[in-house]
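Beneath this line is the structure, given in structure tokens, with notes to follow.
Read-outs throughout are calculated quantities, based only on the coordinates presented, and are distinct from any laboratory measurement. Note that this is a predicted model, so its numbers are computed, not measured. Neighbour counts are summed over all protein chains in view; Cβ atoms, including those assigned to glycine, are modelled from backbone coordinates with ideal geometry.
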């Protein structure tokens, strides 16, 4: 190992006080996923493994370590919502990640309002300025390079409805910084917020 570089093979452990993987691939947008089961029991949970993967059709996805209530609900109903986690909603988002029984409503637990969606059965977070309504497109159990199944489930969904607070559309252009989105940064408790002073512009080469 060189003095300038710390190297480890994950299979043998990282040898550090805290696994750096989540902090290295960061900051990451938060998959604040709303769902319900076939009986109408609501669920709301944040996932730090989340992103957008396609333009047409628009596809987003999140990975759940463990077959949790969100995955179960989505597999059974075929729909879910994504809600933008913002700085004003950070504490409520954090409250919604509590480990509770399946019949506990995380909307109520976090003091949030379930708003009916326009296209799908799952609700969205009324307080969030941006929400997607999604239909399940793929549900995959991840495998390692050796082909062995992991206990992680990748949920991909086509966005079939988009809600944007009007004040975030400036001359018809969405103002990302004005929404104050928060991002997961790894470590035991680190997050970052997007603010206007962090913005810079760089156009692609012609």
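Yes or no: residue 101 without any contact (Cβ under 8 Å) to a residue 60 or more places away in the chain and within 12 Å of residue 43 (Cα to Cα)? So residue 101 fits the description; yes. In the set (1) crowded, with 21+ Cβ neighbours inside 10 Å; (2) touching a strand residue (DSSP E or B) at 6+ places or on another chain (Cβ under 7 Å), the condition left unmet by residue 89 is number (2). A Cβ distance below 9 Å, combined with a sequence gap of six or more or placement on separate chains, defines the contacts here; from segment 57-78, residues that are at positive phi and in contact (Cβ under 8 Å) with a residue 60 or more places away in the chain reach residues that are surrounded by fewer than 19 Cβ atoms within 10 Å (Cβ to Cβ) and assigned to a strand (DSSP E or B) in the pairs 66/151; 66/152. Only one of the listed residues (100, 65, 130) is surrounded by 17 or more Cβ atoms within 10 Å (Cβ to Cβ) and under 27 Å from residue 26 (Cβ atoms). That residue is 130.
The set of residues in segment 110-145 that are in contact (Cβ under 8 Å) with a residue 60 or more places away in the chain, touching a helix residue (DSSP H, G or I) at 6+ places or on another chain (Cβ under 7 Å), closer than 20 Å to residue 48 by Cβ and not in a loop (DSSP other than H, G, I, E, B) contains only 139.
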